[in-house]
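Data block below; observations after.
The values are calculated or read from the model by the stated rules, or taken from the named source; none is laboratory data. As the structure is a prediction and not an experimental result, all values here were calculated from the model. Reconstructed Cβ throughout: ideal geometry from the backbone, glycine too, with neighbour counts over all protein chains shown. Ligands, DNA and RNA are stripped out before the accessible areas are found, and what is left, the full protein with its side chains, is counted by its heavy atoms. Shrake-Rupley method; radii C 1.70, N 1.55, O 1.52, S 1.80 Å.
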Amino acid sequence: MYDVIAIGCGPFNLGLAALASEVDDIEIAVLDSRPEFTWHRGLMFEDAMLQVSFLADLVSLVEPAHHLSFLSFLRATDRLYQFYVREKFHPTRREYETYLRWCAAQLESLHFGHHVREVVWDGSAFLLTVERGEAVLRFEARHLVVGVGTEPYVPAALSDLPADRFLHSADYLFRRPDLLAAGHVTVVGSGQSGAECTLDLLRSSAPAVSWLTRTAAFTPLDYSKLVLEMTTPSYVDYFHALDEPVRNQLVKDQWRHYKGISAETLEDIHDELYARDQVAAPVELQVGVGVQSAAVGPDGVELTMLHADTGRTFHHTTDVVVAATGYRNRPLPFMTSLQPLLDHDASGRWILNRNHSASSTTVPDRIFVANADLHSHGVAAPDLGLGAIRNATILNTIAAREVFRLPKSTAFTTFTIPG
């Protein structure tokens, strides 16, 4: 019998295990179907930077002196002074994954190669049926944390393209040799992933490149200081208390806070465009266009595009399409029997309490959610900087006491009505 079982081992549940490792009276197990911990391998460009400070590690914003902090990792790997002299708060993405794997290697609570097939509630505990190779195992837990993360999203208009003509940006580096051998590559989508794929193609000087997006511009990430206060617990408190329709609209309006492109990447792209203008294969950038349909013809992949401002359609032909079209929450087939026990909003989503538990009269404060709470907790939900605070909140609730002291003030901005 575990106090808590976390399903899925991305950075958020890994952080939960890290914080719990120093709490003697909470027994935790983290189950993941993958054979080992990995993080965004298909987009691990050599110079790709993390978009948040190193303080957004697994533990530091709750326990800065924790033995699994990023600074502890630097000390253990004899890189602390190099990091100090570098004078940059943002690690590379590759270094951050190395840090995460370093943490995972020290946590005995992690169980990889464990596929959760079913979870049921027996009236006092959750019973998990888990597959490990050919064996079927049984686990019991008083609490669950569901953190299976997201999966690549492919729009219906692109879903029927054959694998040799299409890939999601999540697999970019695995398919890079094929892309560089193509005559013309088209990237669809203008978030950070689409920008990084486009930049890599431009630097290669090999194929002709098109970069197409539905947005009205290649929009930079809004990374100004006071806007970043919307990723703090203070704003989460405010956002969670709003009515559901208001929250839904805010999430739509605030996409630039977490789906834009870093200013540095946009500058690098412009530099490559300027250098490539006279010497390499042609480049096309187009905004305000969306893919309506796609099919393979005699000349390659033919995309039917809709121009938003005029309402007119046109055809775009290419050899390979890279869909930088984002991610969606993974389905939860193992939760089927528990769905009737949980409260749902008008859109069919779980109603989540401020402490990240799923609202329920049958299992109150028993099921918690990591990184599937954008609709309830706002733009901070996918931000790595919220992970430690979320996990501390969950562990405090499970322990029924303040195991971790949470910050009382996290923003200069006041979001609520004064008084």
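Restricting to the chain, what percent of DSSP beta bridges are antiparallel, rounded to 5?
Values: 34 of 66 bridges.
Beta bridges within the chain, antiparallel portion: roughly 50 percent.
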Mind listing the long-range amide H neighbours of Thr92? Cut-off is under 5 Å, sequence gap 5 or more, other chains count too, H placed in the peptide plane at 1.01 Å from N. Leu50
For Tyr327, Tyr96, Tyr81, write out the residues from largest to smallest accessible area, computed with a 1.4 angstrom probe and no ligands counted. Tyr81, Tyr327, Tyr96
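Can you pull out the GluC sites (Glu not before Pro) in the stretch 85-158 whose DSSP state is coil and whose Cβ has at most 10 other Cβ atoms within 10 Å? Don't skip to the answer; put the middle values down first.
Details: sites: Glu87, Glu95, Glu97, Glu108, Glu118, Glu131, Glu134, Glu140; in loops: Glu87, Glu108, Glu134.
Within the stretch 85-158, the qualifying GluC sites (Glu not before Pro) (loop, at most 10 other Cβ atoms within 10 Å) are Glu87, Glu108, Glu134.
For Glu267 and Arg138, calculate 0.36 nm times their separation in residues minus their Cα-Cα distance, and state this gained length in nm to one decimal. Working shown, then result.
Details: separation 129, 0.36 × 129 = 46.44 nm, distance 5.27 nm.
Stretched fully, the Glu267-Arg138 segment lengthens by 41.2 nm.
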Could you please put His90, His143 in sequence from largest to smallest accessible area, using a 1.4 Å probe? His90, His143
Reviewing [x] 52; [y] 57; [z] 47, the figure for percent of Cα pairs over 27 Å apart actually calculated from this model sits under [y]
In what sequence, largest accessible area first, do Glu267, Glu151 appear using a 1.4 Å probe? Glu267, Glu151
Restricting to Cα pairs below 8 Å that are 6+ residues apart, what does the relative contact order work out to for the stretch 1-108? Please round to a whole percent. 30 percent
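How high is the relative contact order of the stretch 54-172, in percent, counting Cα pairs under 8 Å that sit 6 or more residues apart? Numbers along the way, then the final one.
Values: 83 pairs, mean separation 13.6, N = 119.
About 11 percent, as a whole number.
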Give me the distance in nm between label points sitting 7 Å out from Cα along the Cα-to-Cβ direction at Ser293 and Ile417, one decimal. 5.2 nm
Within the stretch 121-137, the residues whose backbone N lies under 18 Å from a label point placed 7 Å from the Cα of Ala399 along the Cα-to-Cβ direction are none
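What does the helix-only formula give at 222 nm for the chain: each DSSP H stretch with n ≥ 4 adding -39500 (n - 2.57), the total divided by the residues, and the result rounded to the nearest 500 deg cm²/dmol? Could the numbers behind the result be given before it?
Working: 13 runs with 120 residues, N = 419.
Taken over the chain, the calculation gives -8000 deg cm²/dmol.
State the extension gain, in nm to one decimal, for the chain segment bounded by His111 and Leu406, taking 0.36 nm per residue of separation less the distance between their alpha-carbons.
On the way: separation 295, 0.36 × 295 = 106.20 nm, distance 2.86 nm.
Difference between extended and current length: 103.3 nm.
State the extension gain, in nm to one decimal, for the chain segment bounded by Glu244 and Ser337, taking 0.36 nm per residue of separation less the distance between their alpha-carbons. Intermediate values should be presented prior to the final figure.
Values: separation 93, 0.36 × 93 = 33.48 nm, distance 2.59 nm.
Fully extending the segment from Glu244 to Ser337 adds 30.9 nm.
What relative contact order, as a whole-number percentage, does the stretch 139-261 give when Cα pairs under 8 Å and 6 or more residues apart are counted? Provide the component values of the computation, followed by the final result.
Values: 91 pairs, mean separation 28.6, N = 123.
RCO, the stretch 139-261: 23 percent.
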R0 = 25 Å: FRET efficiency of Asp222 with Tyr153, Cβ-based, nearest 0.05? 0.65
Return the distance in nm (one decimal) between the two label points of a simple spin-label model at Gln286 and Ala65, each offset 7 Å from Cα along Cα→Cβ. 6.0 nm
